[in-house]
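J.: Sharing a structure, written as C-alpha cells. Questions coming.
The values are calculated or read from the model by the stated rules, or taken from the named source; none is laboratory data. Keep in mind it's a predicted model, so treat the numbers as computed, not measured. Here the Cβ positions follow ideal geometry from the backbone for every residue, glycine too, while neighbour counts run over all protein chains shown. We work out accessible area using only protein heavy atoms, side chains counted, and drop any ligands, DNA or RNA first. Shrake-Rupley method; radii C 1.70, N 1.55, O 1.52, S 1.80 Å.
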Amino acid sequence: GGTSGGGGQGVSETGDTGPVVVDADDDGFDADEDCDDANPLAFPGAVERCDGVDEDCDTVVDNDVCPCATTDFEGVRYAFCTDEERWSDARDVCLGAGMDLVSIHVQPENDFVEDTIGGSDGDWYIGLTDQAVEGDFTWTTGEAIDFEAWNGGEPNNSGDEDCVEISGRSGNWNDVACSSKMRFVCEALP
Ligand code: GN1
Ligand code: CA
Ligand code: CA
C-alpha cells in the first residue's frame, strides 16, 4: 500500500507487503477507496448528477438531484418536467441536475420522448435553438444535428422564434418564442 488520494497518472504504488493499488481513472482515489475506479466522475464526495450513476459513492443513485420524474431509454436517463419555464430557465433546471435539455438523434429516441409525453395536451421544450444565428439551429450540448422532425412548414420563425418544442401528439418539432413558458425534457450528459 501507499499514500491515498494521489491524483497521479495511474502510477502503481508498490510496497513491501501490500497489493499494488492504482487510481485507474485518475480521480484522486485509489481503487481500494473508490466505488468505481473506471469512472473519473465517481468518487467519495463527488457531485451527484441525475444520470442513474452513484457519483458520490454513498450507495444511493442520484439521491435527490433529479429535477422531476425520470424515465430511462437505452441506458440514458431523461427527466420530464411539468413545471412550465421559459426556455433558458428550463435549461438552467437541467444544468443544475448535471443534465441538459434533451438532444434527439434518431427516430426511436424521438418516439420515446413522444410516447413518454404522449397524451399530454401541449408541447415540451427540447435543447434545440437558433438564438446565436437566425436559421442556424444547434443543440445546446454542441452535438451534431443528425436527425430532424420538423412539423410541416417549420421552422418558420413566426414573430421571432428561436427555441424548439416537441409535440406530445405528433412528435413533430416547431420553433416557438423562447419566452414561452413550457414543460421541458432534460437528458443526462454522457
Ligand atoms: C402556430 O397553430 P399553432 O399554435 O400550433 C404556428 C407555429 C408557431 C406557433 C406559435 C402553421 O402554431 O409556427 O410557432 O403558432 N403554426 C403555423 O405559437 O403557422
Ligand atoms: Ca448520479
Ligand atoms: Ca414556428
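Listed here are the residues, each with its yes/no results for (1) part of a strand (DSSP E or B); (2) of a type in the set (Ser, Thr, Tyr); (3) at pLDDT 95 or above; (4) surrounded by fewer than 21 Cβ atoms within 10 Å (Cβ to Cβ).
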{"site": "Cys66", "(1), (2), (3), (4)": "no, no, yes, no"}
{"site": "Asp72", "(1), (2), (3), (4)": "yes, no, yes, yes"}
{"site": "Phe80", "(1), (2), (3), (4)": "yes, no, yes, yes"}
{"site": "Asp83", "(1), (2), (3), (4)": "yes, no, yes, yes"}
{"site": "Ser88", "(1), (2), (3), (4)": "no, yes, yes, yes"}
{"site": "Leu95", "(1), (2), (3), (4)": "no, no, yes, yes"}
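J.: Among the residues of the stretch 131-190, which ones are within 13 Å of ligand 1 (Cβ to nearest atom), surrounded by 13 or more Cβ atoms within 10 Å (Cβ to Cβ), acidic (Asp, Glu) and in a loop (DSSP other than H, G, I, E, B)?
T.: Glu154, Glu161, Asp162, listed by residue number.
J.: Need pairs with beta-carbon distance below 6 Å; first residue free of Cβ contacts under 8 Å to residues at least 60 places away in the same chain and within the stretch 103-127, second open to solvent by 40 Å² or more (accessible area, probe 1.4 Å) and part of a loop (DSSP other than H, G, I, E, B); sequence gap 6+ or separate chains.
T.: Hits for this filter: His105/Asp146.
J.: Still on this structure, please answer the following. Is there a residue being touching a strand residue (DSSP E or B) at 6+ places or on another chain (Cβ under 7 Å) and without any contact (Cβ under 8 Å) to a residue 40 or more places away in the chain anywhere in the stretch 178-185?
T.: Pass one, the stretch 178-185, residues touching a strand residue (DSSP E or B) at 6+ places or on another chain (Cβ under 7 Å): 178, 181-185.
Those left that are additionally without any contact (Cβ under 8 Å) to a residue 40 or more places away in the chain: none.
No, the stretch 178-185 contains no residue that is touching a strand residue (DSSP E or B) at 6+ places or on another chain (Cβ under 7 Å) and without any contact (Cβ under 8 Å) to a residue 40 or more places away in the chain.
Here's the yes/no breakdown for (1) over 24 Å from the mean Cα position of the chain (by Cα); (2) at pLDDT below 55; (3) among the aromatic types (Phe, Trp, Tyr):
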| site | (1), (2), (3) |
| --- | --- |
| Gly15 | yes, yes, no |
| Pro19 | yes, no, no |
| Ala31 | yes, no, no |
| Asp36 | no, no, no |
| Pro40 | no, no, no |
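J.: Let me ask something additional. With the requirement that a residue be at pLDDT 95 or above and farther than 10 Å from Leu128 by Cβ, what does the stretch 151-169 give you? Give the steps one after another, and end with the answer.
T.: At the first step, the residues of the stretch 151-169 found to be at pLDDT 95 or above are 151-167.
Hits for the stretch 151-169 are Asn151, Gly152, Gly153, Glu154, Asn156, Asn157, Ser158, Gly159, Asp160, Glu161, Ser167.
J.: So, in the stretch 97-116, how many residues would count as being crowded, with 20+ Cβ neighbours inside 10 Å and either in a strand (DSSP E or B) or at pLDDT below 95 (or both)?
T.: Qualifying residue count for the region: 2.
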